[in-house]
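Every number here is computed from the coordinates shown, using simple stated rules; none is lab data. Remember, it's a predicted structure, so these values are computed and weren't measured experimentally. Neighbour counts are summed over all protein chains in view; Cβ atoms, including those assigned to glycine, are modelled from backbone coordinates with ideal geometry.
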Amino acid sequence: MSTVNPRRWWALVVLAAAQFMVIMDTSIIGVALPEMQRDLGFSQGDLQWVFNAYVIAFGGLLLLGGRLSDLLGARRVFAGGWVVLIAGSVVAAAASTAWVEVVGRAVQGVGGALIAPASMTLLMMLFGHNPKELGKALALYGAAAPAGGTAGVFLGGVFTEWASWPWVFIIYVPIGVATLAATGLLPTVARSRGSVDVLGAAFVTAGLALAVFAVVRAPEIGWGATQTVLELLGAAVLLALFLVVQKSVRTPLMPLRVWRTPGLGVSNLAMTLLGAAWIPMWYFLNLYLQQVLGYGAFASGAALLPMTGLLMVFMTLITARLLGRFGAKPLISGGLFVLAAGLLWLAAVEPTGTFAVDVLPASLVAATGMSLAYIPAMMSAISGVPQEQAGLASGIVNTTYQVGSALGLAALTALATSQGADRIGNLPALTDGFSAAFLGAAAVAAAGGLLTTVLMRGRPTSPTEEPANPASESVNA
């Protein structure tokens, strides 16, 4: 029987802080985007690559990060991920051209892809011995992700307004150094033998990148254009080859039999659509506040601070209790429907709107929906697998959320652009474009709620209980 780590709760603080910072990296640039656009020469349509470069690298390499964590040791990969994240932050902060900025963001995403799965492996080592403690630890760890996403919006405004946009990246240097200094609190995890599925990692990352690129470019060259069709077909072929490789290699990144776990597929579908609705919401809400209402960077970030507070209160004090009482299904489906309602409300924004009427109430409704759905979907995806596969399940669910975020943002940016969101200075046209994006995101969230209601069966295993049917197979089998 494994020895209980007496410093496990302090170690959880380090892991939760790392999760907070990794996810904050996807949002802290939000309010800084207009400043970056002016300084680096991004077009309105290409501006999303500041976000998508990170998400594609992060989501596409998460499974590889998990495999490296097994082979090299989770603590070593966790530390290495922070070194890479710091390096990417320095490049992004020093960028003087758009393409260098995109490269820096991609390097940051690689670092995040190493940190996130290693964190989950370490968390399971610390708390897997006690299902009740594991439930509490997962709740705190899970709350750190969306809290980091919304806190990044506010902090990005602070740095952009009172310093300059490069500081949204510079801040990761001292934080990364402090985290590296605290890795001594983390347990040492034994390495496993095996090889790295480099081919599978290349196929899945290239497939995701090509799919997003095709969706981003489609409004300019046409959805029916030969180039668009070929790019989408190429993405489908690359992803299909990834699945073929997973069936044929001895040590796949994602053993396909894990999908036999009850509820895993539906939970990941819910997370995909949740990311596809939530991330575009804050992206376009930032642009609406600054480009239509005329808010500065700090004011824009502060305007979204109520969402941060609501998310933290709900996720730490309310959602876990509701999950224990009602199970995951009603919270996931209900949360997605509430998120859809908030987005539908945001779709009514006006060129002459106000924060109190057009933004605050709708954003709080949307945040309530996110608070209800995120942790139950994450726990539902993880709780049904045996402990030794929790890291794999976590990598999959994080991947689907990031993939949904990237594809959702690409598709809704295309929709917004087609409705006038690229006509900077024309407030009615901008508002029409942003409204279309909010409406599209509402449809995505509503579809997620409906599919969860129809497809999710029974009451998934609670994270405070033992898995109902633990499998004997290894993650790397």
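Arranged by the count of other C-beta atoms within 10 angstrom, fewest first, what order do Ile170, Ile382, Ile279, Ile318 take?
Ascending number of Cβ neighbours within 10 Å: Ile318, Ile170, Ile279, Ile382.
If you average 1/r across every pair of different Cα atoms in segment 197-250 and take the reciprocal, what Kirkwood value do you get, in Å? Display every interim value, and only then the final one.
Values: mean 1/r = 0.0872 Å⁻¹.
Every distinct Cα pair counted, the radius reaches 11.5 Å.
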Next item on the list: Give, in nm to one decimal, the length gained when the segment between Arg38 and Leu455 is fully stretched (0.36 nm per residue of separation minus the Cα-Cα distance).
Entry: 145.6 nm
Check: Which loop trypsin sites (Lys or Arg not before Pro) in segment 196-280, with loop taken from DSSP, have no more than 13 other Cβ atoms within 10 angstrom of their Cβ?
Finding: Arg250
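For segment 283-325, what is the Kirkwood estimate of the hydrodynamic radius, computed as the reciprocal of the mean inverse distance between distinct Cα atoms, to one decimal in Å? Present the calculation step by step, with values, prior to reporting the outcome.
On the way: mean 1/r = 0.0842 Å⁻¹.
The answer is 11.9 Å.
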Item checked: Radius ratio Rg over Rh of segment 5-149, counting only Cα atoms, Kirkwood formula for Rh -> 1.04
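Over all distinct Cα pairs, what is the inverse of the mean 1/r for segment 42-119, reported as the Kirkwood hydrodynamic radius in Å?
Working: mean 1/r = 0.0805 Å⁻¹.
After inverting the pairwise mean of 1/r, the radius is 12.4 Å.
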Item checked: Translational D in µm²/s for the chain (Stokes-Einstein at 4 °C, 1.567 mPa s, Kirkwood Rh from C-alpha pairs) -> 59
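Give the range of the longest stretch in the chain that excludes all GluC sites (Glu not before Pro) found in loop regions by DSSP and having at most 13 other beta-carbon atoms within 10 Å.
Result for the longest clean stretch: 1-464.
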Check: In segment 1-92, which trypsin sites (Lys or Arg not before Pro) fall in coil by DSSP and have 15 or fewer other Cβ atoms within 10 Å?
Finding: Arg7
Margin query: Going by Cα centres, segment 41-85 and segment 289-312 are how many Å apart?
Written below: 27
Checklist line | Leu364 paired with Val177, simple spin-label distance in nm, labels 7 Å along Cα-to-beta-carbon | finding: 4.1
Notebook entry, point to check: Which angle between 0 and 90 degrees, to the nearest 10, do you get for helix 172-181 versus the longest principal axis of the chain when only C-alpha atoms count?
Noted result: 10
Checklist line | Coordinate range along principal axes, alpha carbons of segment 288-443, Å, largest first | finding: 55, 29, 26
Margin query: Based on alpha-carbon centroids, what's the gap between segment 194-220 and segment 273-288 in Å, whole number please?
Written below: 22
